[in-house]
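Report on the structure given below.
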Amino acid sequence: MQSKENDLGIIGNDKYGFNIWTKNEPKPYIDNYAIFAKKQNIKIEAIVDDLLPAAVFGRSKKENDDMSRLYIEYMHNIGFDKVTLVSELLPDRDKDLERIYRSSGKIALSTFISLLPETKRLNQSSIELNEIIDPCWQLEVLESGIVICGITKYLTGKRSLALFRFAKDNITDFDYLVIDQDQK
Amino acid sequence: MRFEEKYYAKNSESLEGISSDEMLSMLKPKTEKAITFDGIKEKLDSKNKLNVKFGTDPTGPDLHLGHIVPIRVLDLFNRAGHNIDLIFGDFTAKIGDPTGRSDERPILTDEMIAQNMLTFRDQVNKYFDTDRENVRIHQNSLWLGKMALASVFDYLQVINLSQAMQREDFRSRANSGKTVSLAEVMYGAMMGIDSVHLNTDIEIGGVDQLLNFQQTRDIQRARNGKAEDIIMTPIIEGTSGDGRKMSKSYGNYIPVRADVDEVFGKFMSIPDTLIVPYIKAFAPVNEQEIPEIIAAVKKDPMEMKKQLASYMVATSVGEFNKGLEARESFERRFADKNVTAEDAIQLINQGSLVDILLSSGDFKSKSELRRLAEQGGIKINGHKIEPEVLNETIGPDSLITIGKRRAYAIKGE
């Protein structure tokens, strides 16, 4: 199919994705991504990370399944065309350290520090080593969305801009579009 | 009894049942830093069979004697009846350099890793028999390659990031604008996971691993309620005695694969100041014997150097007489000034004469060789050369003699 740009600079044959982790129950700001997709008449797939929060918060399987179900229903209800859990994309748990280590070689310590929130950046003595897992894991998740789901363009918010800028330097063949999360 | 005879005999003595004080007395000369000797003593006093760990990369390098110092410590523990866990870090080797920018860390296949492990053991076996009972060989991909996200979190949460960043080499690289990756920051934690898996009591390694060992201890303490103790061996100085560590890149090393005459000759080339440090690093001496050894070196350094060289040759081939034969060969060559191409160290004819001689690792610099030539100390096939000749290429099958002690046979075009 011939590529065709619309008035927002969106390539006609791009496949869109939106990446989120199940930290808390779904919040209304997520609606903005679905609204944007509907306005632009584009299909969008949600990649919902149910693995990292389960590890971070030590959730039981039931707690985690409940939270995942909540997200799947919410994302479908607000208009996402497809919802995929990261546990479906990366089903083999025994490869997790390998995934993290592979990404960790791509991330410079200085880059990691720059990705931290300002409060943590100014007080590095309070940071646990397990915090380096987050950017490493996110890089793997973004890449699996591209490779397995065929996503070519992610929608993201301003708060994740630094991570996406960094990811674009390290993962080939994808782009991102920043959406104003706070718009009404 | 002469030095080489006494300590060669001690190489194969069983140390089972010796007291903790006696064991510590043998460990201390080979220790730059311990965390802690009290902890090690307590473990030795428990009379339990201890798990002693040593980790290495399965990259199949050509080892030099600097790598053998911790191996000699393993030998002591094994002869005292303890378990040795020799661990090959194949987990990271199988992933390779994740950036893909370094040719030095290609992804290794299982076959390559198996071959490299054999290469390593083949070299180490000269100084510590890895086929002995109670020597257990591991590949850490067996457990690190099967670790889920939740487990990784559990392990890493006990380490503080700023603590992991304290390493001097990280700081100096950051200060010089070079990159430190998160993979490197994680490395000590992975060593800690290895220790938890193997239930390590004591770990052996170079003193340059200090901060990795501290992370290892933190992880083990959090997981098992007790931390391993550490013996850190010194980074030994190279043969030129200029203060730099023994390293292939500095050309001041003694290859483990070197033949007996080369080993002997390299030991004879060291400055007198290195005799005692090398004895402490390689021979099974105890702390109480050191003053006597220092006195003997002071009295007759040349004789002690010959005995050390003879001991190392004998140990490397497992035959006492080979040490004596190497000494006789050396003395015949140099005392009688009867050097032949057969006696000489062989060098490849590549580049100018100065490049060829520097490749031997016996000389600090081009200016040292220039001085020797100016003094008439360098001969090609018996003819003195002018300093300018150092910059020229030389003919095949030349015999270079330098002073009375050094001879090099140049092979190739």
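Give the shape of the range B:123-253 as rounded, prolate or oblate, defined through the alpha-carbon gyration tensor: a ≥ b ≥ c are the square roots of its eigenvalues, a/c under 1.5 means rounded, and otherwise the shape is prolate if a/b is larger than b/c and oblate if not. List each step's numbers first, then the result.
On the way: a/c = 2.05, a/b = 1.19, b/c = 1.72.
The shape class here is oblate.
Let me spell out the model: positive unit charges on the Cβ of Lys and Arg, negative unit charges on the Cβ of Asp and Glu, origin at the Cα centre of the range A:72-127. What dipole size does that give, in debye rounded to 20? Let's see the in-between values first.
Working: 8 positive and 8 negative charges, 67 e Å.
Dipole magnitude for the range A:72-127 comes out near 320 debye.
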* Structure fact -> Label model pair B:Lys33, B:Arg132: point-to-point distance (7 angstrom along the Cα→beta-carbon line) in nm is 2.8
* To the nearest 0.05, what FRET efficiency results for B:Glu42 and B:Arg332 with a Förster distance of 45 Å applied to their C-beta separation? -> 0.30
* **Total formal charge among the other residues, if their Cβ is under 15 angstrom from that of B:Lys10, Lys/Arg +1 and Asp/Glu -1** => -3
* Asked: What size of dipole, in debye to the nearest 20, comes out for the range B:1-133 about its Cα centre when the only charges are +1 on Lys and Arg C-beta atoms and -1 on Asp and Glu C-beta atoms?
  -> 400
* State to the nearest 20 debye the size of the charge dipole of chain B about its Cα centre, where the only charges are +1 on K and R beta carbons and -1 on D and E beta carbons. => 640
* Which residue fluctuates the most in chain A, going by a Gaussian network model with Cα springs under 10 Å, if the choices are A:Gly58, A:Gly17, A:Gly79? -> A:Gly58
* Label point 7 Å out from A:Glu118 along Cα-to-Cβ: which residues of the range A:148-183 have amide N under 15 Å? -> A:159
* Asked: If you stretched the chain out fully between B:Gln346 and B:Ser365, how much longer would it get, using 0.36 nm times the residue separation minus the C-alpha to C-alpha distance?
  -> 4.9 nm
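Rounded to the nearest 500, what is the protein assembly as shown's calculated 222 nm mean residue ellipticity when only DSSP H runs of at least 4 contribute -39500 (n - 2.57) each, over all residues? Could the numbers behind the result be given before it?
Details: 28 runs with 276 residues, N = 597.
Helix contribution divided over all residues of the protein assembly as shown: -13500 deg cm²/dmol.
Rounded to the nearest 0.05, what FRET efficiency do B:Gln115 and B:Glu303 have when you use their Cβ-Cβ distance and R0 = 41 Å? If you can, show how the numbers build up before the last one.
Working: r = 42 Å, r/R0 = 1.03.
Efficiency, rounded to the nearest 0.05: 0.45.
Across peptide B:62-74, what mean number of C-beta atoms from other chains lies inside 10 Å of a residue's C-beta?
Mean inter-chain Cβ contacts per residue within 10 Å come to 0.
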* Structure fact -> Footprinting proxy, B:Met191, B:Met112, B:Met246: sorted fewest to most Cβ within 10 Å, the residues are B:Met112, B:Met246, B:Met191
* To do: Enter the angle in degrees (range 0 to 90, nearest 10) between the Cα long axis of helix B:320-335 and the first principal axis of the Cα atoms of chain B, meaning the one along which they spread out most.
  => 30
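Over all residues in A:106-114, what is the mean tally of Cβ atoms on other chains that come within 10 Å of each residue's Cβ?
Details: counts 7, 7, 8, 13, 3, 3, 5, 2, 0.
Averaged over the peptide's residues, the number is 5.
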* Could you tell me which of A:Leu139, A:Phe80, A:Ala162 has its Cα farthest along the dipole of the range A:41-184 towards the positive end, charges placed at Cβ (Lys, Arg +1; Asp, Glu -1), taken about the Cα centre? => A:Ala162
* Provide a whole-number value for the mean count of partner chain Cβ atoms within 10 Å of the Cβ atoms in peptide A:131-142. => 2
* Asked: Taking the simple approach of a point 7 Å from Cα along Cα-to-Cβ for both A:Thr172 and B:Asp122, what is their distance in nm?
  -> 3.7
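If packing is taken as the average count of other Cβ atoms within 10 Å, what order do B:27-37, B:257-267 fall into, highest mean first? Provide the component values of the computation, followed by the final result.
On the way: B:27-37: 17.5, B:257-267: 20.7.
So the order, starting with the most tightly packed, is B:257-267, B:27-37.
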* **Neighbour-count ranking [beta-carbon atoms within 10 angstrom, fewest first] of A:Cys136, A:Cys149** => A:Cys149, A:Cys136
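Readers should treat all values here as calculations from the given coordinates under stated rules, not as data from a laboratory. The model shown is predicted, which means the values in this text are computed figures rather than measured ones. Cβ sites come from the backbone with ideal geometry, for glycine too, and all protein chains shown count toward neighbours.
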